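Only one structure is covered here, and it is reproduced in the block below.
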């Protein structure tokens, strides 16, 4: 029996370590594979020229990824500005003020929103958000636009990100011990003061983590954003003008890569850039979490 128990323990330890190493190695393997595929392009152009150039003409050997990077950053930033306050205040209300019956109703609704395919959000964006943005542009700028724009992509992306971020924030706020809030109330604090100083301030690392994961997901979203953002290669911070995010570049052009020299390598480099940027976003938020924990 003792020998059997030792063998079982060793086997359990082996498969647990193996799965852990596999999970840790996957991003490295993916990054190495993309870098190898992008090497032909990097052999002809420097990394800085590819990243900071704005000229995109594959038939002439010009591969400037600047417009695609800025397009991804702008649409992700807009989605964060729209979704962050909605998620935070909704999570506070649902966990601290709302009746239990409302929470039981909202959980399935949030799960359904999180489980919807992105193409459904894209179709909704084309039918509702794009005409809305076109009307908004005519109202504020006096110019007629198609509505396929950074703003449309940011709104659709914000709606897609809300269920994920909201779910995480609800879990974070539910971890606060009831005794801490009751102690704050017993000292004379109002309900909002208890929420502000105990629930929110005590959960800064969890809030930052939820927002970081939401931004990373938003940055890599493809289909829905591709359907409403316009897909025009330009560098512009005007929310009513179209843009071309990195994921949309890969999804739109992968089938054409065989007919143009270096196009295959360029698209693999775009995927490699996407991986690097998402890694940097996660590292940045890990640093913020570390700083807030120390404080």
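The values are calculated or read from the model by the stated rules, or taken from the named source; none is laboratory data. This is a predicted model, so every value here is computed, not measured. As a convention, Cβ positions derive from the backbone with ideal geometry for all residues, glycine included, and neighbour counts pool all protein chains shown.
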Taking the criterion of being in the same structural domain as residue 163 (by TED's automatic domain parsing), crowded, with 21+ Cβ neighbours inside 10 Å and either at pLDDT 85 or above or not in a helix (DSSP H, G or I) (or both), would at least one residue in the stretch 195-204 satisfy it?
no
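For (1) in contact with a strand residue (DSSP E or B) (Cβ under 9 Å, 6 or more places away or on another chain); (2) closer than 30 Å to residue 235 by Cβ; (3) not in a strand (DSSP E or B), each residue gets a yes or a no:
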{"residue": "5", "(1), (2), (3)": "no, no, yes"}
{"residue": "13", "(1), (2), (3)": "no, no, yes"}
{"residue": "20", "(1), (2), (3)": "no, no, yes"}
{"residue": "25", "(1), (2), (3)": "no, no, yes"}
{"residue": "34", "(1), (2), (3)": "no, yes, yes"}
{"residue": "41", "(1), (2), (3)": "yes, yes, yes"}
{"residue": "54", "(1), (2), (3)": "no, yes, yes"}
{"residue": "72", "(1), (2), (3)": "yes, yes, yes"}
Going through the stretch 205-224 one residue at a time, which ones are part of a helix (DSSP H, G or I) and either modelled with pLDDT under 85 or more than 8 Å from the chain's Cα centre (by Cα) (or both)?
205, 206, 207, 208, 209, 210, 211, 220, 223, 224
Just wondering, is there one or more residues in the stretch 246-259 that are at pLDDT below 90 and assigned to a loop (DSSP other than H, G, I, E, B)?
no
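Listed here are the residues, each with its yes/no results for (1) over 21 Å from the mean Cα position of the chain (by Cα); (2) in contact (Cβ under 8 Å) with a residue 12 or more places away in the chain; (3) loosely packed, with under 12 Cβ neighbours inside 10 Å.
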{"site": "72", "(1), (2), (3)": "no, yes, no"}
{"site": "77", "(1), (2), (3)": "no, yes, no"}
{"site": "87", "(1), (2), (3)": "no, yes, no"}
{"site": "96", "(1), (2), (3)": "yes, yes, no"}
{"site": "101", "(1), (2), (3)": "yes, no, yes"}
{"site": "106", "(1), (2), (3)": "yes, yes, no"}
{"site": "115", "(1), (2), (3)": "no, no, yes"}
{"site": "123", "(1), (2), (3)": "no, yes, no"}
Please find, among 30, 7, 36, 17, the residue that is on the phi < 0 side of the Ramachandran plot, free of Cβ contacts under 8 Å to residues at least 40 places away in the same chain and within 29 Å of the chain's Cα centre (by Cα).
36
